[in-house]
1. Below 8 Å between Cα atoms, with a sequence gap of 6+, how large is the relative contact order for the stretch B:163-275 in percent?
2. Taking only Cα atoms and a 10 Å spring cutoff, compute GNM fluctuations for chain B and point out the largest among B:Thr33, B:Thr245, B:Thr282.
3. Just need the relative contact order of the stretch B:101-224 here, percent rounded to a whole number, with Cα pairs under 8 Å and 6+ apart.
4. How would you classify the stretch B:81-155 from its alpha-carbon gyration tensor, with a ≥ b ≥ c the square roots of the eigenvalues: rounded for a/c under 1.5, else prolate if a/b is greater than b/c, otherwise oblate?
5. Pick out which of B:Leu314, B:Leu83, B:Leu274 has the largest mean-square fluctuation in a Gaussian network model of chain B, springs linking Cα atoms closer than 10 Å.
6. Once you keep just the Cα pairs under 8 angstrom separated by 6 or more residues, what percentage relative contact order results for the stretch A:66-184?
7. Please arrange B:His241, B:His19, A:His175 by how many other C-beta atoms lie within 10 Å of their C-beta, fewest to most.
8. As a test, work out the antiparallel percent of DSSP beta bridges whose residues both lie in the protein assembly as shown, rounded to the nearest 5.
Amino acid sequence: MSLVASAALAAHTGKLELAIRHVLAGLGHGIHAGRERGAGVEFSEYRAYAPGDEWRRVDWKLMARADRYYVREAERDSHVAVWLVLDATASMLEPSRSIEGLDKLNTARLLLGCVAAIAQRQGDAFGLLVCQGERAHFTPAARGPRQLQRVLAQLNRVDAAGTLPAAEVLRASLHFARAPSVVCVASDFLEWPSPLSAAMLRLRSMRHDVRALCLQTEAEIAADFDAAQAWRDPEGDGKLFRFGREARTEYARRREEHFDMVAQQCRAHDIPYVAAPIERAPAEILRAWLRKRGGRP
Amino acid sequence: MNSLWWWALPILLLPILWHRQKREQTKAAPLATARFLPQSEPVQLRVWRWSDVLLLLLRCLLLATLIALLADPVLPWRGDSVLVVPGTDPAFIGKQIRAAGLAEARRIDLPGRDAYRWLHEHEREFEPKARLLLVGDVAMPAALPRLRHALTVRPQAAAPARSEQHVALFSRRAEEWRKLFGALEGPQRYVLDAQPAANAALVIWDLPEAPPPALHAPLWWIADTAAFPELVKAPQVDGLHYLDTPRGRLWSAAWLPPKDAAAARTMFETWLRLHAGVPPYTAPPQAPAVDARAVAGPEGGALHEALAITLLVLFALERLLTHVRRR
């Protein structure tokens, strides 16, 4: 794990963009399939430079003539749209018990930002769907650096609260699913079946490439919580829970059962499912998440 | 009556309940995967805990002091005592103390002769087992006193104190009046002034002219009613007319100045009885029976000042602490 790619560093980097850059730098070019060449490289038009555009796409000769920056736009870079789905319910606020300042939402935000940056680099269109507080906030898919800024701003603004939106709300938000797309879902999948899982299975049945990232914490995996402390479910009804010795065994058993079931269902529907503790290096998680179907997300 | 305020003490429960931590305040940290845990009995909720214990104590004290102030308690702090009427012979006091075996007792100098009244008012201050010795020229009460404490009375009749009274005399037959006052016996001495004195207890007006308007006295003897025509119609008892006017009470009779000794004695006795009051008899030596159910006198309010200051200090402290806590 390189230093810059460590989860703790990412957690303490205030700027999402900077953290993404660090993570992607740690990632190297291993999963980067490279820009699709062919039709996408066809020149289409010049466009005024916007902050965030890559310098290499600036037409320097035109700049010498016109004394302004212009960017060469290609006709179409890719046919694939990338959809980022962020579960921002209250349970996503679960913090890491070993690394201060790190929680599931931050990690999910960072990883989805990384996917968006990768998609932007590859010239793919990408959009965002945030499930938060019984509602779904939808950012339509587009490509380009401005879209990346937009999506990152949206991600930055997300504040975890409430529970998942109802199934019909989510279904209404999934009208995009016409063109072939990659759907990257970052969640804790503590609720399964849920409106989100139903939507994932439905998208998968429509032959979209759905990828599930299940974020966990090391304390959850080890069932290592303070027995003296009372606990409550942030999405529950305020009932109290405690970690006794028997409760701990029961907790481990039920949790394992649940995630086994989730993994099994994902496998049955051919959804790549990656469960990762947030304490792991984001680059590693990202690599594992995007690995299976070739280099392309 | 005031002791009924002690029934307000349950008010102390209010701050105790207010400071009790609410159920929601019991610490339960959010845990996303709590749903995998079997639900536990909320043991912690039954624990009684208080927030801001110092403030709670202060508030309880404040209320308790307030109630105490209203209830005005009297603490029995006097033990065996010797009550001494003023003007008693010290040798007599020492003898009586030795005879009663109260050498260690505390000596209390009474404000006046009316010892029983003082004792009734202050009886709550004495410890239940306290023995009391009352020495001196004790005024005899009208009824046998009922006391909760063992009391021994050792009276010593004192000679009436000599005193003098000023009489303003306006008369052409002054010699007759002087003879009358000179014939009087007793400790009282009368000074007859021809000029009106400011402290005159009696004005004798035996002139046909009207008296100067500035002349005031508690009592006037009018021998010549020419200046006081209203006295003719005034009510009378045994030929003595009496009338209350702004300058004092007027007495007038046809037989003034008295010609015989009996009339003069009646006149003086009436004057002294109505204006100086009847001097009480000296109480006989006695030891009234102890009566535990005797009605105690009114509360003393001895702690009133201390309690009021405590209340003020506590209130200031409470305000300060509350303010500090809010910041």
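1. Reported relative contact order: 21 percent.
2. B:Thr33
3. Result for the stretch B:101-224 is 19 percent.
4. Note, shape of the stretch B:81-155 comes out oblate.
5. Answer for the Gaussian network model of chain B: B:Leu274.
6. 34 percent
7. Ascending number of Cβ neighbours within 10 Å: A:His175, B:His19, B:His241.
8. DSSP beta bridges in the protein assembly as shown are roughly 30 percent antiparallel.
Any read-out appearing in this document is the output of simple, stated calculations on the displayed coordinates, not a laboratory observation. Since this is a predicted model, take the numbers as computed values, not measurements. Neighbour counts run over all protein chains shown; Cβ positions are idealised from the backbone, glycine included.
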